[in-house]
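**Student:** Right, I'll just put the structure down here and ask away after.
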Amino acid sequence: MHVSFIDSITAVDRDEWNSITGVDYPFTRHEFLHALETTGATTLDSGWQPNHLLVHDNQQLVAVMPLYLKYHSYGEYVFDWSWADAYRRHGLAYYPKLLCAIPFTPATGPRLCFKTGEDKDSIIPFIVESILDYCQQHQLSSFHLLFPEKALSQQLKQFNLPVREGVQFHWFNQQFKNFDEFLNTFSSRKRKNLKKERRCVDGQGIQLTIVEGTDIDQNLWRRFYYFYQLTYAKRSGHGGYLEQSFFEQLADTMPEHLVLVLAYEPDNDQPIAGALNFKDSQTLYGRYWGCLKEFDFLHFEACYYQGIEYCIKKGLQRFDPGAQGEHKIQRGFTPITTRSNHWIAHTSFRNAIDDFLRQDNAATTYYLQQTTESLPFKK
């Protein structure tokens with residue numbers, strides 16, 4: 001068995017890569033990673049140098065992992081800026097570090113993918129050893145695995161990659177027939193509040209529609225990207241991490257995963273806001289939002305309620321609307337635990353960070369309990 005690292009997704013045939021990752025979960029698909037790279041989002045210049053891991057057995061590809069050499073901590077959603085600052089204050093280099101993640105995408109899912117029929121438990125120790133050897137050989141400060149599935153995270157904990165827990169808020173389908181049936185699970189007051197928000201959007205004359213896949217034409221992509229840039233500029237002072245060509249490339253290569261919610265003012269055939277989602281066979285992933293101007297409760301309608309209605313209509317089991325946001329609780333999104341794993345090369349810093357993680361995870365557990373008690377559902 002042989003582990004290698006490649007500096008471009010183009011070094012692997014698309015069908016060969018996808019035969020390992022599958023094509024249901026959108027964010028590990030060759031097409032998604034290729035679009036990020038070829039449109040400039042994941043390059044050495046952007047601080048996201050591809051360094052993907054391949055495992056071959058008898059010249060057959062049996063496992064892959066999306067990896068990056070990171071020269072900063074932007075676009076990760078698991079924050080280690082304080083760790084980097086501690087390194088700096090001690091005259092040590094925290095960057096580059098080795099990162100397994102889906103760039104700019106805080107969505108839990110597969111991170112280490114295997115060919116069907118392979119003995120994962122026998123391969124994982126070999127992969128972990130290879131990754132840590134690579135870090136030491138290249139004098140990397142650390143290795144980080146972000147938003148893995150629970151089973152992999154727990155396995156890696158056994159190899160001295162402790163878990164850091166976080167919280168997101170997801171919606172779960174209880175085989176609802178329609179939105180009103182979902183609302184009937186709320187207490188009376190919370191249900192009235194949510195209905196009031198939806199009536200407010202309707203009262204402003206805003207109309208919403210959903211366009212999917214190949215029905216999203218070039219005009220809509222240009223319009224959506226304009227929203228995306230404006231909203232990023234207001235929030236972060238820059239036009240966003242992604243180019244318009246990234247979205248257009250995905251529209252060509254994997255349109256079946258794309259769901260765009262659009263908002264229109266009366267007597268205006270051009271949308272004034274949009275929320276772009278991805279989907280697989282079980283889950284809707286809320287990813288990007290933008291608008292020309294603010295309307296009361298429009299963000300909640302476009303980014304949450306339309307997504308819930310879509311999941312009910314299509315029979316999807318979960319709606320992951322993205323990171324953070326306690327405001328999601330009163331709208332029926334349940335707090336769930338997310339995970340990351342971390343290995344630190346420097347022994348003293350490793351011990352200090354391990355101690356931090358124990359305290360941080362205890363605080364996260366308490367926060368999860370507190371937010372669960374705030375859910376709007378009938379007791």
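The values are calculated or read from the model by the stated rules, or taken from the named source; none is laboratory data. Not measured: the values here are computed from a predicted model. Backbone-built Cβ (ideal geometry, glycine too); neighbour counts: all protein chains shown.
**Student:** Any residue at all in region 35-52 that's farther than 25 Å from Y232 by Cβ and in contact (Cβ under 8 Å) with a residue 40 or more places away in the chain?
**Tutor:** Yes, the conditions are met somewhere in region 35-52.
**Student:** Sticking with this structure for a sec: Would you point out which residue out of S141, S187 is at pLDDT 95 or above, out of contact with any Pro (no Cβ under 7 Å at 6 or more places or on another chain), on the phi < 0 side of the Ramachandran plot and of a type in the set (G, A, S)?
**Tutor:** That would be S141, the only listed residue that is at pLDDT 95 or above, out of contact with any Pro (no Cβ under 7 Å at 6 or more places or on another chain), on the phi < 0 side of the Ramachandran plot and of a type in the set (G, A, S).
**Student:** Residue check, N268 against (1) buried (at least 22 other Cβ atoms within 10 Å of the Cβ); (2) out of contact with any Ser or Thr (no Cβ under 9 Å at 6 or more places or on another chain), all met but one. Which one?
**Tutor:** (1)
**Student:** Could I ask something else about it? For region 1-50, how many residues are touching a Phe, Trp or Tyr at 6+ places or on another chain (Cβ under 7 Å) and either of a type in the set (D, E, K, R) or farther than 19 Å from F114 by Cβ (or both)?
**Tutor:** Qualifying residue count for the region: 9.
**Student:** Also, quick follow-up: Given the conditions (1) closer than 24 Å to A101 by Cα; (2) within 21 Å of the chain's Cα centre (by Cα), which single one is not true for R331?
**Tutor:** Going through (1) closer than 24 Å to A101 by Cα; (2) within 21 Å of the chain's Cα centre (by Cα) one by one, R331 breaks only (1).
**Student:** Taking the criterion of being part of a loop (DSSP other than H, G, I, E, B), touching a His at 6+ places or on another chain (Cβ under 7 Å), under 25 Å from F27 (Cβ atoms) and modelled with pLDDT of 95 or more, would at least one residue in region 56-68 satisfy it?
**Tutor:** Yes, region 56-68 contains at least one residue that is part of a loop (DSSP other than H, G, I, E, B), touching a His at 6+ places or on another chain (Cβ under 7 Å), under 25 Å from F27 (Cβ atoms) and modelled with pLDDT of 95 or more.
**Student:** Hey, can you tell me all the residues within region 232-260 that are among the charged types (D, E, K, R) and either closer than 28 Å to Q282 by Cα or part of a loop (DSSP other than H, G, I, E, B) (or both)?
**Tutor:** Start the filter on region 232-260 by keeping residues that are among the charged types (D, E, K, R), which leaves 234-235, 243, 248, 252, 256.
Of everything in region 232-260, those that are among the charged types (D, E, K, R) and either closer than 28 Å to Q282 by Cα or part of a loop (DSSP other than H, G, I, E, B) (or both) turn out to be E243, E248, D252, E256.
**Student:** Oh, and also: With the structure loaded, tell me whether L152 is part of a helix (DSSP H, G or I) and on the phi < 0 side of the Ramachandran plot or whether it fails that test.
**Tutor:** So L152 fits the description; yes.
**Student:** With Q317, Q324 as the choices, which residue is in contact (Cβ under 8 Å) with a residue 24 or more places away in the chain, under 19 Å from E212 (Cα atoms) and surrounded by fewer than 18 Cβ atoms within 10 Å (Cβ to Cβ)?
**Tutor:** Q317
**Student:** Identify, by number, the condition in (1) assigned to a helix (DSSP H, G or I); (2) within 26 Å of P110 (Cα to Cα) that H327 doesn't meet.
**Tutor:** (2)
**Student:** Take the conditions farther than 29 Å from S187 by Cβ and in the same structural domain as G203 (by TED's automatic domain parsing) and apply them to A273. Does it pass?
**Tutor:** Spelling it out, A273 is indeed farther than 29 Å from S187 by Cβ and in the same structural domain as G203 (by TED's automatic domain parsing).
**Student:** Out of V78, V128, report the one residue that is of a type in the set (V, I, T), within 30 Å of H238 (Cβ to Cβ) and either free of Cβ contacts under 8 Å to residues at least 12 places away in the same chain or assigned by TED's automatic domain parsing to the domain that holds N351 (or both).
**Tutor:** After ruling out the rest, the residue left standing is V78.
Okay, residues lined up against (1) surrounded by fewer than 20 Cβ atoms within 10 Å (Cβ to Cβ); (2) assigned by TED's automatic domain parsing to the domain that holds K120; (3) more than 18 Å from the chain's Cα centre (by Cα):
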| position | (1), (2), (3) |
| --- | --- |
| R14 | yes, yes, yes |
| G22 | yes, yes, no |
| A35 | no, yes, no |
| G47 | yes, yes, yes |
| P50 | no, yes, no |
| V64 | no, yes, yes |
| H90 | yes, yes, yes |
| A93 | yes, yes, yes |
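**Student:** Follow-up question, since we're still on this one. Every residue in region 301-313 that is touching a residue at least 24 places away in the same chain (Cβ under 8 Å), of a type outside the set (A, V, I, L, M) and more than 15 Å from K195 (Cα to Cα), please.
**Tutor:** C303, G307, Y310, C311 - these are the residues of region 301-313 that are touching a residue at least 24 places away in the same chain (Cβ under 8 Å), of a type outside the set (A, V, I, L, M) and more than 15 Å from K195 (Cα to Cα).
**Student:** Hey, another quick one. List the residue pairs whose Cβ atoms are under 7 Å apart, where the first residue sits in region 158-174 and is closer than 12 Å to P321 by Cβ and outside any loop (DSSP other than H, G, I, E, B), the second is modelled with pLDDT under 95 and of a type outside the set (S, T, Y), and the two are 6 or more positions apart or on different chains.
**Tutor:** Q168/A323; F169/G325
**Student:** Between residues in region 143-155 that are farther than 23 Å from H346 by Cα and residues that are small (G, A, S) and crowded, with 18+ Cβ neighbours inside 10 Å, which pairs lie under 6 Å by C-beta distance while being six or more apart or on different chains?
**Tutor:** none
**Student:** Continuing with the same structure: Does L298 fit the bill of being touching a residue at least 40 places away in the same chain (Cβ under 8 Å), outside the structural domain of V78 (by TED's automatic domain parsing) and over 23 Å from the mean Cα position of the chain (by Cα)?
**Tutor:** When the stated conditions are applied, L298 does not pass them.
**Student:** Please go through region 197-231 and pick out each residue that is in a helix (DSSP H, G or I), over 21 Å from the mean Cα position of the chain (by Cα) and not hydrophobic (A, V, I, L, M, F, W, C).
**Tutor:** Across region 197-231, the qualifying residues are E197, R198, R199, D202, G203, T214, D215, Q218, N219, R222, R223, Y226.
**Student:** Please go through region 219-254 and give me each residue that is polar (S, T, N, Q) and over 27 Å from Y25 (Cβ atoms), ordered by number.
**Tutor:** N219, Q229, S236, listed by residue number.
**Student:** A further question follows. If the requirement is being surrounded by 13 or more Cβ atoms within 10 Å (Cβ to Cβ) and either at pLDDT below 95 or not assigned by TED's automatic domain parsing to the domain that holds W289 (or both), which of these qualifies: G213, G239?
**Tutor:** Of the residues listed, the single one that is surrounded by 13 or more Cβ atoms within 10 Å (Cβ to Cβ) and either at pLDDT below 95 or not assigned by TED's automatic domain parsing to the domain that holds W289 (or both) is G239.
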